[in-house]
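Asks: What follows is a single structure, and I will ask about it in a moment.
The values are calculated or read from the model by the stated rules, or taken from the named source; none is laboratory data. Not measured: the values here are computed from a predicted model. Cβ sites come from the backbone with ideal geometry, for glycine too, and all protein chains shown count toward neighbours. Heavy atoms of the whole protein, side chains included, go into the accessibility calculation; ligands, DNA and RNA do not. Shrake-Rupley method; radii C 1.70, N 1.55, O 1.52, S 1.80 Å.
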Amino acid sequence: MATKKQKRDRLARAEAERREQERLAKRARTVRTAAIGVGAVVVVAAVIFAISWLNKDKPVVTPDAVTAQGGIAYPAANQAAADAVEVVVYEDPLCSHCRDFETDHGAYLQKAADRGDISLEYRPIALISDDSVAPVNAMACVLDDAGPKAFVEFHDRVFAGEYADSDFSDLANESGADGQAVAACNDDGTHDGWVEKVTSDASDDGVEFTPTVRVNGETIDVDDLDDIETLIEEAAP
């Protein structure tokens, strides 16, 4: 099991890679040329290839209760209205901007989902680097062990930055799952092959950075994420 120092080192490496990923994504948006577009795709493809290579012998073990797209539907207190706005959030556990997004907007999204105003789906992926595979796998292990409510609690704790300071087993226990079972599942890499698949699927679907947020199927520009509440309200019928 990784030590706290190793986890902090992983976060530092991931942050450096995320900054490069963001730089390329912004460059691609600013200068719409084929060469830059290809460059951005190559960077994402290289990450996906690396994860795929690391997990090439891993079977695809899909966790329980995931959607057909590999997401986890937020277990809202009320059923979403027929005309509810559909919100999908792609996040990488080692992405600092994802942590910022959850800090600023996570509570709003969950409250809106509890009211039935939106349907909310989380799609955790390992887009930044292979160091992201373990925490996404851990999320899948929690989902398998204790269901969507425990997953959401675990998700919220990870994106609050607690992953850097605690073992997965501790976070799992605090989230309502069996910490030892989750630790064993994570150490075995039970869902590593699935993590590679959903990450590759997300890349094929045009996800180039995290967080990527889609409202009624439309990707919100990264520069507009601070206005997500307004954009969701405007999307409502």
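Asks: Report Rg (one decimal) and Dmax (nearest whole number) for segment 112-159, counting Cα atoms only, units Å.
Replies: 12.1, 37
Asks: OK, next. Please compute the modelled spin-label separation between residue 86 and residue 219, points set 7 Å along Cα→Cβ, answer in nm with one decimal.
Replies: Roughly 1.7 nm, to one decimal.
Asks: Calculate what fraction, in whole %, of the accessible area of segment 122-208 sits on carbon and sulfur atoms when a 1.4 Å probe is rolled over the protein chains.
Replies: 36 percent
Asks: Please list the equivalent ellipsoid semi-axes of segment 142-198, computed as the square roots of five times the alpha-carbon gyration tensor eigenvalues, in descending order and whole angstrom. Show your work: numbers first, answer last.
Replies: Details: eigenvalues 56, 31, 29 Å².
They are 17, 13, 12 Å, listed largest first.
Asks: Something else about it: Over segment 92-143, with the other protein chains present, what is the accessible area per residue in square angstrom, probe 1.4 angstrom?
Replies: 26 Å²
Asks: Relative contact order for segment 86-216: what is it in percent, counting Cα pairs under 8 Å that are at least 6 residues apart?
Replies: Reported as a whole number, the value is 37 percent.
Asks: Averaged over every viewing direction, what's the projected area of the C-alpha convex hull for segment 162-223? Give it in nm², one decimal, please.
Replies: 6.1 nm²
Asks: So, one more: Sum up the charges of everything whose Cβ sits under 12 Å from the Cβ of residue 68, counting Lys and Arg as +1 and Asp and Glu as -1, but leave residue 68 out. List each step's numbers first, then the result.
Replies: Details: positive: 123; negative: 121, 201.
Residues close to residue 68 contribute a combined charge of -1.
Asks: If the viscosity is 0.692 mPa s and the temperature 37 °C, what Stokes-Einstein diffusion coefficient in µm²/s follows for segment 83-231 when Rh is the Kirkwood radius over Cα pairs?
Replies: Numbers: Rh = 15.5 Å.
Here the translational diffusion coefficient equals 212 µm²/s.
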